[in-house]
Every structure is written in structure tokens, then in C-alpha cells.
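The values are calculated or read from the model by the stated rules, or taken from the named source; none is laboratory data. These figures come from a predicted structure and were not determined experimentally. Don't worry about glycine lacking a Cβ; one is built from the backbone with ideal geometry, like all the others, and counts go over all protein chains shown. Accessible surface is based on the protein model in full, side chains and every heavy atom, while ligands, DNA and RNA are left aside. Shrake-Rupley method; radii C 1.70, N 1.55, O 1.52, S 1.80 Å.
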Amino acid sequence: MNHFKNLHSYDIVSDRGFAKYFHGREEIIKDFNNVLGDFATSNKGTTFLIQGAPGVGKTALLFKFREIAKKKGWKVVNIKANALWNRESLNKYIGVEKPIQIDKTSAKAGMGSVAIAANIKFSKKSIVEVLKTGKQPLLLTLDEAQTLGTENYPPATSRGEVIEVLDSIHNGELERALVFVVSGLGITRKNFKSFGISRFNSRCFHSLSFLEKKAERDIINDWLKKEGDAKGDPTLWIDTIANETHQWAHHVVSYVNPAINLLKKNDGHMTSKLLKKVLIAGRQDRYDYYEGRVADFDRDERQSIVKAFVDDTSSEGLTRRDIVFFLEKVFDKKEAVDLFDKALLYGVISLEGDAYKIPIPSMKRWLLSKYS
């Protein structure tokens, strides 16, 4: 879904993937560097898990990790989840397996090309064997990892193999340096536990939250000055935008998109009239983004989820039982449980510690004002 539909005349800064101007996250980057250092010359490996709410900056951090690992001489491979049980899919990403072997007997017998093609044989290495192949330290990355462990993903027939693969990686049994970085919503660690991966080194598990205030301001400043060619002191603009982005990575993108494009059209002059236009466009993008998060829920579902949080003013969150109780006022028990699971999977609610919350504070206020 295009969350920038009302800004179609602008050059768009993507809200997913590589962050051109990256600041902050020093602690987690330090931990990652230390982990790479520990395993670079060993034949061991581990899993490094990042989880957090939608739009908090997980994917940008993943790109940063890849950049760091490449500079350190690691082979970097980004995979989709099905590569953990589909050998052909893994080989497409990792590119280490010899693709074919030709039956020479058939060729010597003067058989045609069709017959020879029929005798082409693909090797049958397991996923673990493919991952073992190679001497270079390997960084594997997987985004949207919360999908693992959901119904029929992986397929029931492949679940045993996925458990073997994840266990081999996590316990460093692949006879090569391999760090597997997985990123997903707040249920990711819980889902990995269902595969037997429950204990993480303290450096290898991070719940990603707000940007640091300084990092947020530095990012906004870079976009205004380096991309928008802003003239003069940008402090007022930075203060005003930061007052609305609330240290949330996606929201920064919502405001810098119109800012840099309007600045370019105004030769970099930061006027109050222009700033008002930036705020209007940025707010609209945030609302479009929130609407997109709940687009796959009908109105009854949205209202029922939101009503569970009406009295949650302490920001301590709710238990699963609390939320399902509210949902059962409208839906039968199975429908209520299914809706709860769907809200988790789509990031409308998130597990933080031992409680469930609507993870983006400004999104919570928007949902309450619109659906409660």
C-alpha cells in the first residue's frame, strides 16, 4: 500500500529499507560489532534478534548491519523465510550449490539435447549442508520474521527441518562463522520460542523502541540541509517537526518528504508559510499510514480492538485475557482469539515485556478518537 498517496507530486523517501541518514542506536550497533568480532575467525555462530513495533526503524537497522558486515569482509545474504525449508529458494539467495550434473553415459550414446536434459541431476544438499558450504564468514538477515510460527508457516511437513536449521545456527553447529539476524514485530521472540529458540545472549536480543531525541533531530537536520538545501538556521523547523514525530522513525519520513520537496521548490528558503504546508502534509501521511495498518480489519473489528484500550491510560498495557474479553462482547470465542492473533501479526497491537499495547502512541490516540 502506498502511504504517500496524497503526496504523489513529491520525490519520495522510502519508509522501508536503507536509511540515507542514520543516527543513534549506538548500543545495539556496538553489540552487533562485538558479536561479529567474536565469531569472525571461529567456526561458530548465533542468532541476533531485533523486534519492535511497525515503523520504529527495524528494517533501516538491518540495512545498517549489512553495511557494517560487508565492510568487515563478511558475505551478506538477505533471505525470505521460506529459504529455511526450501533448498531451491535458499540456493537462489546464497548461490553456493553447484546447479547441475550431466549423465555422461547418455551423452556418449548420441542422445539428443532433450534426452540429455532429462538426465540433468540436481544435488540434494540439505539446508544445513548448504549453509555449511563456504569458508567466508556469513551474515544472514531475515526481515518480517514474525511470520515464522504462524499457522501453516512453515508448512507442517517442513517444521522439523526448520527446527533443525534454526537450532544448528543458534548453537553454532555449522562449522563456519555465521550470524543470523532476524527482525520482526513484538511477537517474534515468542514465535521463535515455539521452534525451541528461547535463550539469547544478552547482546543478541534487542527490543527496538523510540529514536533518541538527538538522533531524531540529527536525522531531520540532515534531510533539511543536505537534501532540501535549507538556507539559514533550521532549528525552528527541526523543533516543530520533532514535536510531531515523537522520535518515531516512520513519522520522520512522513515530514521530511514534503519538507525537502517544498524546500527545493522554494530555493531552500524556510518560511513559516512553507512550514505550515509541511505540517499539513506530514500529518496527512501519518493518518494514511495508520489507516493502512488497519485496512484489513472491518469496522467492527477495529472498534472492538480499540475499546479494549479506552481505559488503558496508565500505558502499562493489557493482558491477553483483558483484550480477548472485550472482543468476546462482539465475536464468539474462536473469532475473538483469531482477531487477537491477527492484530498481533499486523502490528496493530504489540507484546512489550509481559503486556500488550497499541505500540505507536500517536496511532493509539488516532484510533481512540476515530473508533472508540
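Tallying residues that are over 20 Å from Lys75 (Cβ atoms) and either surrounded by fewer than 18 Cβ atoms within 10 Å (Cβ to Cβ) or modelled with pLDDT of 95 or more (or both) within the range 177-191 yields 1. Taken over the range 354-372, the criterion of being touching a residue at least 60 places away in the same chain (Cβ under 8 Å), outside any helix (DSSP H, G or I) and open to solvent by 20 Å² or more (accessible area, probe 1.4 Å) is satisfied by Ser372 alone. The set of residues from the range 267-306 being in a loop (DSSP other than H, G, I, E, B), buried (at least 17 other Cβ atoms within 10 Å of the Cβ) and not aromatic (Phe, Trp, Tyr) comprises Met270, Val294.
Quick check on my filter: what residues within the range 313-335 are modelled with pLDDT of 90 or more and not in a helix (DSSP H, G or I)? Passing the criteria: Leu318, Thr319, Glu328, Lys329, Val330, Phe331, Asp332.
Candidates Leu174, Leu166: the one that is open to solvent by less than 60 Å² (accessible area, probe 1.4 Å), assigned to a helix (DSSP H, G or I) and not acidic (Asp, Glu) is Leu166. Being of a type in the set (Phe, Trp, Tyr) and in contact with a Leu (Cβ under 8 Å, 6 or more places away or on another chain) is the filter; apply it to the range 167-224 and report the residue that is nearest to Val56 (Cα to Cα). Only one residue tops the list, namely Phe205. Screening Lys98, Lys92, Lys70 for residues that are in a loop (DSSP other than H, G, I, E, B) and either at pLDDT 95 or above or open to solvent by 20 Å² or more (accessible area, probe 1.4 Å) (or both) leaves exactly one candidate, Lys98. Taken over the range 307-319, the criterion of being surrounded by fewer than 19 Cβ atoms within 10 Å (Cβ to Cβ) and within 12 Å of Ser372 (Cα to Cα) is satisfied by Lys307, Val310, Asp311.
For the range 337-346, a residue qualifies if it is without any contact (Cβ under 8 Å) to a residue 24 or more places away in the chain and open to solvent by less than 60 Å² (accessible area, probe 1.4 Å), and the qualifying residues are Val337, Phe340. Given the condition of a type in the set (A, V, I, L, M, F, W, C), part of a loop (DSSP other than H, G, I, E, B), open to solvent by 10 Å² or more (accessible area, probe 1.4 Å) and at pLDDT 85 or above, answer yes or no: does some residue in the range 29-47 qualify? Yes, there is a match, as at least one residue in the range 29-47 is of a type in the set (A, V, I, L, M, F, W, C), part of a loop (DSSP other than H, G, I, E, B), open to solvent by 10 Å² or more (accessible area, probe 1.4 Å) and at pLDDT 85 or above. Among the residues of the range 206-224, the ones that are surrounded by 16 or more Cβ atoms within 10 Å (Cβ to Cβ) and either over 27 Å from the mean Cα position of the chain (by Cα) or over 19 Å from Asn261 (Cβ atoms) (or both) come to 9 in all.
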